[in-house]
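Below you'll find the structure, written out as structure tokens, and then a few comments.
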Amino acid sequence: MKKLSYLLTGVLVVLMLAACSSDSSANSEEDSSGSSGENQTSDTVETGSVDTSVEATGDEDVLLDFWIHQTGEDETNAYIELIDAFNKEHDDIHVNAEVIIDDGASAYSDSINAALVAGNLPDVMAVDGPYVSSFAEAGVIQPIDKYIDKETKSQYVDSIIQQGTYNGKLYSLGAMEASVMLYYNKDLLDEAGIEPADSIEGAWTWDELMENSKKLTTEDRYGLNLFMNYGVGEWLTFMGAPLVWSNGGALISEDGTKVDGYLNSPETIEALNYVKDLFAEGVVTDSPGEMQFEEGNAALALGGPWIAVSAEDAGLNWGMMPYPYKDEKVSPSGSMAYAVTNNTENPEAAVELMKWMTNEEATIKISKATGMPPAQKSAFENMEKFNELPWSIMKEQVIQTAHARPATPAYPVLTDAFAQSFHAASLGEDVESVVEQQVQRVERELKRFEE
Amino acid sequence: MKGNSSSAKQLTDHDHYKAPSEPSIRKVPPKRKKRRKSQAFQEAMTGYFFLAPALILLGVFLLYPMGAAFYYSFTDFYILKPDDISFIGFENFSYIWQDAQFRQAFWNTVYFSVIVVPVQLAVALGLALLINKKIKFRVFFRTAFFSPVVMSLVVVSILWTFMYNPNEGLINQLLGVIGISPQPFLTSPDQAMNSIIVMSVWQGAGFQMMIFLAGLQNIPNHLYEAADIDGATSWQKFLHVTLPGLKNIALFIFITISIAAFKLLVQPMIMTQGGPLGSTKSLVYHIYETGFNYRDVGYASAMAVVFTMIVLTITIIQRVLIREERG
């Protein structure tokens, strides 16, 4: 008996000390930017406590915590300049920005998840466009319609408003758009006597893409590059979903609640079979090198705006064409955007910051830093680059054919389901059975949101 | 929220803690027997005091997360709605049996372990034997074989991803020299797991080699001399002197490799993202994805609980086997 009580008291002491130590560790780990959720949680606790202490001293400043994602240094510097300017311009608002590395996988969303569970979200945060709806559905971010007038809203390109809208309410605004262009190696096309398209009207059809890719494929070079080296992830949905839309299909029902009959529709299957054919014909490889297109080892490439930058850097004689189509002309769209969380006490100031970060001046600055198309219509008009070939094609595409990815709270699972299907098609699997399996997965996830 | 509840617990714990200890201190002990008891108590407390740092760390970073995972496995915890957790009984566990991805991940993990464990064991032993001989450049070889262990597994995975590339990778270029066409090492569902196995054996064997080496040097030299006198061939010496001498070490390595193999995560995460067609998705990776990418912490916790049971079972079976071997 006695032994047991010793043991018990021992355990209790340990528990007691544990409770103390977890408090003190949260205070001591100020600037550790470790990757574990534990660290990040205590990180934000720290910022939170600074906030309240400043408010308590009677300072009337509104303090806004702002999380931005970092993908490249130029981009981050542009953000920081914009935020400094905002702080200078607004005497009553002070923005405290935190840059979180976005490794393209899950580092940024891990931070958001950790803060969510701990209840320490910032006032404004960067969110990837298609994820807006799942955050909105869960009440993590709030609608901003009442702080935005119609005129301001109309200045953004339609696709930015489309990606930020869920259930008829506007939740997010972005500074940049994105797109996918059909890049080509001018020398190789000349050699093969193939005429590139130089406007949306002249866009290649699926058949033309197939034929020309075949013609351009030789012993030591591929006709087309689909950047399968990015892995099975968001890229495949971003780049591949327009094939489905162009064929009159959809990934999910309009209201985002049903995939059966959409993800496995004949239109979707036909589009995936087209992908399957491209790979079966050997015009594209599932494991291209990082610089396959830039080094002239692929004649065509369906790539993002950043490919223009890297092709230019590599000294390639390149050009770009619009995204190929079947029936309807559509093109990929959507990028990182900003949203106001439900954690904020000053939604008005938070929206003010969002507008600042996405106004004409800001979008031009960020477009210059990243090569991405701007999200403001006027920015397109005022940037010379986008009014001349070949960049004017990207502008036309963003304004005329951009199609946002579906708005559904189940997006994280839906995008993986499509990416897996696309990848299976590239490997020559039976598209129909793969798609059926994925439909079951997404339907299970959708049940979570039925109420 | 979490902070509040734990500090509340801290208070009550404190009260409980005082209650049993107070009487023993207040009553001035008239007899030696009692004093000895309080002395023993003090000694025990001192012991716990010294144990405290380790126990606290264990509690905070091991016991608490394990308890939390066990609790969450019976709930529908969805990361985006942390305040809306409801108890759903065994629903998560029953879904495991319908989850085709879990089944695939389970068999992938079993396949990986069943191959990696014996191969790595054999390679490590082979390397240790080689290095134990008095050959030239012995130190160089030892360093070379051990260096993959020192490198971060993430770095190693990225390097091997480059080497496996069908178009520009080193291995395929070498194969090209001897006339073999490029192999889709990581992009073919049939080859991807085997490619990961090869890389994993190469990466891990160096560490086990060092342990084997220590074991080899522990075998008394007079046993070999006696065998020489009896006219044993080197194969006979290996079979009847070296192997029996390494038995305990081999079993230790066997268990550590098995557990490590079951926890396969980094290689598929970096090299294949679990693909192609899920052929390299491991159990831990599936749990990770479910929890963090699809935010379904409840279901991920349930799978983690089941995973722990599986590893525990395997370890117990191995323990039983060891006891038999020793007896």
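Sparse packing (at most 11 other Cβ atoms within 10 Å of the Cβ) combined with a DSSP loop state is found for the following GluC sites (Glu not before Pro) in segment A:145-236: A:Glu201, A:Glu219. Helix A:107-118 and the longest principal axis of the C-alpha atoms of chain A enclose an angle of approximately 30°. As a ratio to 2.2 N^0.38 Å, the alpha-carbon radius of gyration computed for chain A takes the value 1.09. Summing Lys and Arg as +1 and Asp and Glu as -1 over all other residues whose Cβ lies under 12 Å from the Cβ of A:Glu201 gives a net charge of -1. Size check on segment B:72-219: the Cα extents along the three principal axes, sorted descending, read 67, 46, 26 Å.
With every protein chain in place and a 1.4 angstrom probe, the accessible-area ranking of A:His69, A:His90, A:His403, largest first, reads A:His403, A:His90, A:His69.
For a straight C-alpha distance cut-off of 24 angstrom, the lysines reachable from B:Lys37 (same-chain residues fewer than eight places away being disregarded) are A:Lys2, A:Lys3, B:Lys18, B:Lys27. Please list the helices of chain B that count as membrane-span-like by this rule: a mean Kyte-Doolittle hydropathy of at least -0.5 together with Cα atoms stretching 20 Å or more along the helix axis, each helix being a complete DSSP H run. Qualifying helices: B:32-58, B:100-132, B:192-218, B:243-262, B:297-326. Shape analysis of the protein assembly as shown yields a ratio of the Cα radius of gyration to the Kirkwood radius, Rg/Rh, of 1.03. On the beta carbon distance between A:Asp207 and B:Gln101, with R0 = 30 Å, the FRET formula returns roughly 0.25. Take the residue pairs A:Lys326/A:Lys355; A:Lys150/A:Lys365; A:Lys169/A:Lys377; A:Lys153/A:Lys395; A:Lys215/A:Lys365 and return only those whose Cα atoms are more than 30 Å apart. A:Lys326/A:Lys355; A:Lys215/A:Lys365, as the Cα separations exceed 30 Å there. Cut-off 20 Å, label point 7 angstrom out along Cα-to-Cβ of B:Lys81: give me the residues of segment A:137-156 whose amide nitrogen falls inside. Taking a point 7 Å out along Cα→Cβ of B:Lys81, the residues of segment A:137-156 whose backbone N falls under 20 Å are A:137-143. Over the C-alpha atoms of segment B:91-326, the Rg to Rh ratio, Rh being the Kirkwood estimate, stands at 1.04. The mean count of C-beta atoms from other chains within 10 Å of the C-beta of residues in B:56-65, rounded to a whole number, is 4. When only alpha carbons of segment A:254-395 are considered, Rg and Dmax amount to 19.6, 57 Å. The B:Ile158 and B:Tyr64 beta-carbon pair, evaluated with R₀ = 35 Å, returns a calculated FRET efficiency of approximately 0.60.
Translational diffusion of segment A:96-231 was estimated from the Stokes-Einstein equation, with Rh taken as the Kirkwood radius over Cα pairs; at 4 °C and 1.567 mPa s the coefficient is 68 µm²/s. Going from the isolated chain to the complete set of protein chains, segment B:75-122 loses at least 30 Å² of heavy-atom accessible area (1.4 Å probe) at B:Tyr78, B:Ile79, B:Leu80, B:Lys81, B:Pro82, B:Tyr95, B:Gln101. The lysine pair tally for segment B:91-326, using Cα distances under 27 Å and a gap of 8 or more places or different chains, is 8. FRET efficiency for the pair A:Asp61 and B:Val311, taken as 1/(1 + (r/R0)^6) with r the Cβ-Cβ distance and R0 = 56 Å, rounds to 0.60. Counted over all Cα-Cα pairs of segment B:84-143, pairs farther apart than 13 Å make up 75 percent. Averaged over the residues of peptide B:267-280, the number of Cβ atoms from other protein chains lying within 10 Å of each residue's Cβ is 3.
The values are calculated or read from the model by the stated rules, or taken from the named source; none is laboratory data. Small disclaimer: the values here were computed from a predicted structure and weren't measured. Virtual Cβ from ideal backbone geometry, glycine too; neighbours counted across all protein chains shown. The protein model used for the area step is the full one, side chains on, heavy atoms only, and it has no ligands, DNA or RNA in it. Shrake-Rupley method; radii C 1.70, N 1.55, O 1.52, S 1.80 Å.
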